[in-house]
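Trainee: Before I ask anything, let me first share the structure, which is written out below as structure tokens.
The values are calculated or read from the model by the stated rules, or taken from the named source; none is laboratory data. Please read all numbers here as calculations on a predicted model, not as lab measurements. A quick note on method: Cβ atoms are made from the backbone with ideal geometry, for glycine too, and the neighbour counts reach across all protein chains shown. For accessibility, only protein heavy atoms count, side chains too; no ligands or nucleic acids. Shrake-Rupley method; radii C 1.70, N 1.55, O 1.52, S 1.80 Å.
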Amino acid sequence: MASQGYISISELHPNLSHAKVLGVIIGKTDVRSFPDRKNIEIERFTFGFTIRDSAEFFINVTAWGGEAFISGLADSFSIGACVIIENPLVSTKDPEKGDKFCPATSSHYRLLLTETHSQVSVCGDGASVERLLPLLHLPVKDSRDFYSLADIVANGQQLDGTVINILAAVKLIGETKQFVTSDGRRGQRLELKLFDDSVSSFPLISWDREAIQLLQNLVPRETVLFVADAKMSFDSFRGSMVATVSSKTIITVNPDTREASLLFSYVKDLSESGALDQDEALEDPPVASITAVFTVKQLKEKARENAEPFFGLAYGFVSKLDLDSSVSKVVRTRCARCRFLVQQELQRCSNPLCPGGERPLTAFDLLVDVTDHTGTLQACSLRGPVAEQTLGCTTEEFVGLTDGQRTALKWRFLLERCKIYLKILPSARMKSGMRGTILGCSLADPGEVKQSMSALLQEQ
């Protein structure tokens, strides 16, 4: 028996009465309603969740009752909350009935909550919460039991209709789309793009409000997911496989496992190398279509409020542009396949997971600071063809310049008002909470600057 009168999940059995269970919620489903069996004019409401109190043990919980009780209970906690369950009914799982639609658990039993007998409250004990929260980062399946995205692509339609485990990183989070069905029910849909070291983009779809609430707050490019029991299906419109979150699915965010750690290191290196920016370049809009003007302060504020990348135009001064530092810090050689840096002395890709075999690419790779009267955007990426167009020279021409010529080129832009097209990506790893990528940069026309800044002041 656990402390403070709590029964551990491992000790639960059907003959137990007045049990009190403490655990952290690792999964939760939406509220649903059904006609009562005895009186079809009355609707009964239900929802389920899964709690865990140790690395080994977790159990499904189902609540039944009237609309007010169930809706109020469901709204009182979310995935990640630590809760105390009092007086549940402990029953044996029935895999042929309702339990086949619930997550697979290590317990032989399930808990039933009723409106008249049971109670759930959020745990306020700091020590208990501190003990339970690390359990959120332990997958509910063997950490080695997963498909890579390449495995899914290779198996294709053979996986149609199956449930599998997936370990992948979050690349992009779409917008949550609301809709109304033909019979008047409201619904929602969210699509994420996942990636790993084998596939650059793979869709994960959720129709469940609780899962969407968890997923839409993740940080792209900085989050790894272990998705247990994702439903696989073939999307005829796309002509490829997609993964869907179902009532059986448990999502573990940033798993505390060796496999997830390796993937996270790969994602971090890939992001810092600029490879993800290069990969998404085809999705970026033409700079001429970017017309929304922001100050630096407004860009930072919007990045804090939005989890998704966005685009904007800023009129600012280039306050840092290290063109006169060593050439190796301005021009870099990267692998054409994975965009990792090439070790110059060995002429080999520095990514141990990359098969290589392609001719390396040499390009500008700069970090630029952009400043206006409201603040500074630090370390904005200026790379590749955009850098060549901005500076007016190729990497070969730049390497041939003297030190004096590089300094002169630097002062053509330094402390000059520029028209800068930016892609902003929220990032928890950056002090500013964001990363900026320059999509276009040129010296600004004074008249255009005055007109745009006047419009900004009027909006404020």
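Trainee: So, counting K/R as plus one and D/E as minus one, what does the shell of residues with Cβ under 9 Å around Phe47 add up to?
Mentor: Neighbourhood net charge equals 0.
Trainee: Still on this structure: As a check on your grasp of the helix formula, calculate [θ] at 222 nm for the chain: sum -39500 (n - 2.57) over DSSP H runs of n ≥ 4, divide by the residue count, round to the nearest 500.
Mentor: Numbers: 12 runs with 102 residues, N = 460.
Computed mean residue ellipticity for the chain: -6000 deg cm²/dmol.
Trainee: Students often forget the sequence filter, so: which lysines lie under 25 Å Cα-Cα from Lys38 once same-chain residues fewer than 8 apart are removed?
Mentor: Output for Lys38: Lys93, Lys97, Lys100.
Trainee: Under a 5 Å amide H to amide H cut-off, with H placed in plane at 1.01 Å, what residues pair with Glu43 once short-range neighbours are removed?
Mentor: It is Asp36, by chain and number.
Trainee: Debye sum, Cα scatterers, the chain, no solvent: what log₁₀ I/I(0) at q = 0.10, 0.11 1/Å?
Mentor: -0.86, -0.97
Trainee: Let me ask something else. Beyond 18 Å between alpha-carbons counts as too far, so tell me which of Lys297/Lys423; Lys171/Lys419; Lys268/Lys302; Lys141/Lys193; Lys171/Lys231 fall in that bin.
Mentor: Over 18 Å Cα-Cα: Lys171/Lys419; Lys268/Lys302; Lys141/Lys193; Lys171/Lys231.
Trainee: While we're looking at this one, here's another question. Along the charge dipole of the chain, which of Val140, Trp411, Leu313 sits closest to the positive end, that is, farthest toward it, with unit charges on the beta carbon of Lys, Arg, Asp and Glu (+1, +1, -1, -1)?
Mentor: Trp411
Trainee: On to the next question. Heavy-atom accessible area per residue, the chain, 1.4 Å probe: how many Å²? Kindly include the intermediate steps, with their values, before the conclusion.
Mentor: Values: 23470 Å² over 460 residues.
Accessible area per residue: 51 Å².
Trainee: Another question, then. Please report, in debye to the nearest 20, how large the charge dipole of the chain is about its Cα centre when each Lys and Arg carries +1 at its beta carbon and each Asp and Glu carries -1 there.
Mentor: On the way: 50 positive and 57 negative charges, 57 e Å.
So the dipole magnitude of the chain works out to roughly 280 debye.
Trainee: What is the percent carbon and sulfur in the accessible area of the chain, measuring with a 1.4 Å probe over the protein chains and ignoring ligands?
Mentor: Values: 11980 of 23470 Å².
Result for the chain: 51 percent of the exposed heavy-atom area is carbon or sulfur.
Trainee: Return the sequence-ordered ³J(HN,Hα) values of region 119-131 in whole Hz as given by the Karplus equation 6.51 cos²θ - 1.76 cosθ + 1.60 applied to θ = phi - 60°, using x for Gly and Pro.
Mentor: Once rounded to whole Hz, the list reads 9, 10, 9, 6, 6, x, 7, x, 5, 5, 4, 4, 6.
Trainee: Farthest toward the dipole's positive end in region 9-136, which of Tyr109, Ala19, Phe69, given Cβ charges of +1 (Lys, Arg) and -1 (Asp, Glu) about the Cα centre?
Mentor: Positive-most Cα among the choices belongs to Tyr109.
Trainee: Using DSSP to define loop residues, name the GluC sites (Glu not before Pro) in region 1-103 whose beta-carbon has at most 13 other beta-carbon atoms within 10 Å.
Mentor: Glu41, Glu56, Glu96
Trainee: What size of dipole, in debye to the nearest 20, comes out for region 1-99 about its Cα centre when the only charges are +1 on Lys and Arg C-beta atoms and -1 on Asp and Glu C-beta atoms? The partial results should precede the final answer.
Mentor: On the way: 9 positive and 13 negative charges, 12 e Å.
Its charge dipole is roughly 60 debye.
Trainee: Let me ask something else about it. Projecting each Cα onto the charge dipole of the chain (Lys/Arg +1, Asp/Glu -1 at the beta carbon, about the Cα centre), which of Leu262, Gly5, Phe234 comes out farthest on the positive side?
Mentor: With unit charges placed on the Cβ atoms, the residue in question is Leu262.
Trainee: Roughly what angle does helix 296-305 make with the longest principal axis of the chain, taking Cα atoms, 0 to 90 degrees, to the nearest 10?
Mentor: 20 degrees
Trainee: Please give the charge dipole size of region 149-273, origin at the Cα centre, charges +1 on K and R Cβ atoms and -1 on D and E Cβ atoms. Round to the nearest 20 debye. Write down the numbers at each step before the final one.
Mentor: Working: 13 positive and 16 negative charges, 88 e Å.
I would put it at about 420 debye.
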